[in-house]
Protein chains: 2
Amino acid sequence: MPVDKGVTLDPARTREQILLVATEVLYEEGLDGVGVVGLCARAGVSKETLYRHFGSKEGLVRATLQARSDRVARWLREAAAAAGPEPADQLGAIFDALAGWYAEPGFRGCAIVNAAVQHHEGAARETAARHMDRHLELLSGIAARAGAAEPDVLARQILVLMEGAAVVADLHGVAGTGRQAREAALTLLRASAAPASGG
Amino acid sequence: MPVDKGVTLDPARTREQILLVATEVLYEEGLDGVGVVGLCARAGVSKETLYRHFGSKEGLVRATLQARSDRVARWLREAAAAAGPEPADQLGAIFDALAGWYAEPGFRGCAIVNAAVQHHEGAARETAARHMDRHLELLSGIAARAGAAEPDVLARQILVLMEGAAVVADLHGVAGTGRQAREAALTLLRASAAPASGG
DNA sequence: AGGACATCGAACCGATCGGTACCATCGAGG
DNA sequence: CCTCGATGGTACCGATCGGTTCGATGTCCT
């Protein structure tokens with residue numbers, strides 16, 4: 001039956017539902033691991049509805065990645081802000097949040113990086129680059145407030161730790177990865193303020 | 001024509017040729033970015049030949065990943081060995097080698113990690129985990145010789161830097177990534193020998 | 001009341017997928 | 001010389017892919 005009796009017709013809500021399901025399924029199964037038919041089935045909508053809202057599978061992928069980037073960036077920003085004024089505390093809070101994410105059942109690495117790796121061409125790589133820019137903005141602020149000699153360099157090193165930790169936690173077991181990355185980040189932060197010690 | 005005139009029939013060499021081409025093409029285009037027909041065309045063989053040698057596309061993927069893991073592990077081991085007896089020099093040499101790789105045209109991140117991310121199920125993830133085990137073996141030896149309090153923890157932190165650097169160099173631009181990761185690794189190495197410096 | 005909009009379900013499209021079968025043709029080894 | 005294994009080329013298979021279209025049916029807004 002085309003439209004169930006009693007349902008409230010709400011295009012915006014339909015769109016959100018598709019986006020919600022697609023975010024989950026595309027992450028679990030991979031961009032090429034599920035077809036449009038499967039997506040529609042999981043979302044409980046018809047193909048025509050999906051295409052009316054997103055134009056193409058690529059458009060849907062783009063929308064999910066953009067939404068996820070926004071969500072993750074806000075999440076880390078708030079985690080840092082909630083940790084008080086100390087740069088080291090903020091950095092620790094970021095990696096605590098990440099470590100909690102790694103330990104979640106169903107963690108499969110960073111969805112945005114995964115998407116970019118799966119589709120070499122297309123919007124995913126652009127989204128991933130901008131996503132890392134956002135991380136760098138947050139991290140270089142912390143690095144600068146910590147008195148790092150080169151805040152941008154330190155931020156980039158910590159970004160490497162963040163992305164690497166996600167990969168290692170996903171593919172080599174989560175045990176300790178988040179905590180170890182956290183300690184490494186804090187070590188780099190300390191060393192940046194007081195450079196040459198030995199050697 | 002079934003068999004070109006003048007070619008020397010050599011199954012082992014045919015297999016090597018397929019493996020060589022597949023290693024390159026699967027890395028460039030992604031596991032799902034090229035079909036068996038395309039692989040055969042690039043390798044200059046027929047489908048029957050490919051299937052006789054590898055049984056399935058999955059079997060070909062497995063063979064390419066295994067060969068690549070062997071090659072990379074040997075490459076890094078030799079880079080470290082060629083750097084002399086000093087642990088810090090060996091670690092620096094590893095990251096120098098990696099930095100050179102990142103800068104190569106056509107660098108697209110670690111092929112083994114990429115494969116594991118693209119196919120959540122299957123042999124790729126197992127191969128990736130064993131690949132990281134090999135890295136850890138090399139790194140923890142260096143860490144132990146450097147006098148690290150916890151060599152395995154330090155090795156894992158450096159592994160995180162290695163994997164993260166590949167991701168960042170691939171998706172966020174290669175400029176400086178290798179060098180920054182190298183400095184971060186050396187900083188961690190120094191800090192591990194002389195832990196508490198500031199609070 | 002009535003028209004615009006939203007939706008489902010299904011049929012349909014051409015293309016491509018991984019994989020198999022068959023055959024003509026060649027080199028290699030007895 | 002003559003068989004046998006390796007190979008290229010081609011056709012073929014069923015399944016699935018992303019995407020389009022159409023009609024029936026319902027809600028929503030005027």
Given labels modelled 7 Å from the Cα in the Cβ direction, how far is it in nm from residue A:103 to residue A:134?
2.5
Show which lysines lie in cross-link reach of residue B:5 when reach means a straight Cα distance below 23 angstrom and same-chain residues fewer than eight apart are skipped.
B:47
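Given the Cα-Cα distance of residue A:121 and residue A:12 and 0.36 nm per residue of separation, how much length would full extension add, in nm?
Working: separation 109, 0.36 × 109 = 39.24 nm, distance 2.95 nm.
Roughly 36.3 nm would be gained on extension.
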With charges only on Cβ, +1 for K and R and -1 for D and E, what is the dipole size of the protein assembly as shown about its Cα centre, in debye, rounded to 20?
360
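Restricting to DSSP H runs of at least four residues, report the calculated mean residue ellipticity at 222 nm for chain A, -39500 (n - 2.57) per run over all residues, nearest 500 deg cm²/dmol.
Mean residue ellipticity, 222 nm, calculated: -24000 deg cm²/dmol.
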At what distance in angstrom do the alpha carbon centres of segment A:146-170 and segment A:1-18 lie from each other?
44
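Starting from the Kirkwood Rh over alpha-carbon pairs, what translational D in µm² s⁻¹ does the protein assembly as shown have by Stokes-Einstein at 10 °C and 1.306 mPa s?
Rounded to a whole number, D works out at 70 µm²/s.
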Work out the charge dipole of the protein assembly as shown with +1 on the Cβ of Lys and Arg and -1 on the Cβ of Asp and Glu about the Cα centre, then indicate which of B:63, A:159, A:81 is farthest towards its positive end.
B:63
Net charge contributed by nearby residues that have their C-beta within less than 9 Å of residue A:114 (K/R +1, D/E -1):
0
P(r), alpha carbons of segment B:12-83 - 5 Å bins starting at zero, rounded %:
3, 16, 27, 22, 12, 8, 6, 4, 1, 0
Inter-label distance for residue B:71 and residue B:96, nm, one decimal - labels placed 7 Å from Cα along Cα-to-Cβ
2.3
Residues whose built amide H sits under 5 Å from the amide H of residue A:32, excluding neighbours closer than 5 in sequence, are none
From the mean inverse distance of alpha carbon pairs (Kirkwood) and the Cα radius of gyration, derive Rg over Rh for chain A.
1.07
Quick one: net charge around residue B:136, please, counting Lys, Arg +1 and Asp, Glu -1 for every other residue with C-beta under 9 Å from its C-beta.
-1
Using the alpha-carbon atoms, what tilt in degrees (0 to 90, nearest 10) does helix B:57-81 show relative to the longest principal axis of chain B?
40
Estimated FRET transfer efficiency (residue B:58, residue A:152; beta-carbon r; R0 35 Å; 0.05):
0.20
Using θ = phi - 60° and Karplus 6.51 cos²θ - 1.76 cosθ + 1.60, couplings along segment A:92-103 (whole Hz; Gly, Pro as x):
x, 5, 4, 6, 5, 4, 4, 4, x, 5, 4, 7
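None of the figures in this text is laboratory data; all of them are computed from the coordinates on show. The structure displayed is predicted, hence computed values, not measured ones. Heads up, the Cβs are rebuilt from the backbone with ideal geometry, glycines too, and the neighbour counts pull from every protein chain shown.
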